[in-house]
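A.B. asks: One structure is given below, represented as structure tokens, and several questions about it will come after.
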Amino acid sequence: MENANATSPSDFPEVPDLHWSAEMELDDARMDQTHHEMVDLVARLRTLPHDQQLEPYRELVRHTVEHFAQEERWMVATGFNADNCHASHHETILDTMRQVESHFLQGDEEIIDRMAAALAEWLPMHASTMDAGLALHMKSVKFDSRTETLADPTLVKPATMSGCGSVSCS
Ligand SMILES: [Fe+2]
Ligand SMILES: [Fe+2]
């Protein structure tokens, strides 16, 4: 290995710590707050030794369930089919996160580190594409994410959209 002071493999130094920044804001206070919370949960997880990671990891999974359910509610409220590609993407991530917990319990003690590193890379990417598309779409149909209501329901045709907002799903 090139760096004599390299940390243990479980530290995954190639994935930098993720910190909340204004660049991650999508101009939707409730979505931003949820993303900020996730950033903090992931960052905290990456500072913990393996034997202290299980409970905080479970907390992150619970938070992610709520996070995704919230966005999926907003999609449906603003005209998307329930099984659109953004929602399927969420499902894939959550499936992986759940599998990580069982692998950890079976003795793969570095797997939470690997998942946390993967999420530190994944979240900014997902937020700046699929979530940004959703936020823009919510704005265009005047959906208030705080009260989860439409200012003008005639702007939305229920279950007519299958894409991911302003981004392609390919
Ligand atoms: Fe999100
Ligand atoms: Fe999302």
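Where a number appears in this text, it was derived from the coordinates with a stated rule and is not lab data. Bear in mind that the values here come from a model prediction, so they are computed numbers and not experimental data. Heads up, the Cβs are rebuilt from the backbone with ideal geometry, glycines too, and the neighbour counts pull from every protein chain shown.
A.B. asks: Just to check your reading of the model, which residue among ALA82, ALA120 is closer than 21 Å to ARG30 by Cα, more than 12 Å from ligand 1 (Cβ to nearest atom) and assigned to a helix (DSSP H, G or I)? Outline the logic, then answer.
C.D. replies: Values: ALA82 fails: assigned to a helix (DSSP H, G or I).
Answer to the selection: ALA120.
A.B. asks: Taking the residues in the range 40-72 that are more than 13 Å from ligand 1 (Cβ to nearest atom) and among the acidic types (Asp, Glu) as candidates, determine which candidate is farthest from ARG98 (Cα to Cα).
C.D. replies: Only one residue tops the list, namely ASP40.
A.B. asks: Can you tell me how many residues in the range 27-50 are more than 11 Å from the chain's Cα centre (by Cα) and touching a residue at least 40 places away in the same chain (Cβ under 8 Å)?
C.D. replies: Here the count works out to 8.
A.B. asks: Moving on. Only one of VAL76, VAL100 is more than 10 Å from ligand 2 (Cβ to nearest atom) and under 23 Å from ASP27 (Cβ atoms); which? Don't jump to the end; show me each part of the working.
C.D. replies: Values: VAL100 fails: under 23 Å from ASP27 (Cβ atoms).
The unique qualifying residue is VAL76.
A.B. asks: Condition first: under 20 Å from LEU45 (Cα atoms) and of a type in the set (Val, Ile, Thr). Now tell me which residues in the range 80-128 satisfy that.
C.D. replies: ILE93, THR96, VAL100, ILE111, ILE112 - these are the residues of the range 80-128 that are under 20 Å from LEU45 (Cα atoms) and of a type in the set (Val, Ile, Thr).
A.B. asks: Within the set of pairs 6+ apart or on separate chains, which have a first residue in the range 97-115 that is over 18 Å from PHE68 (Cα atoms), a second that is assigned to a loop (DSSP other than H, G, I, E, B), and C-beta atoms under 8 Å apart?
C.D. replies: PHE104/GLN53; ILE112/GLN53; ASP113/PHE12; ASP113/ARG46; ASP113/GLN53; ARG114/PHE12
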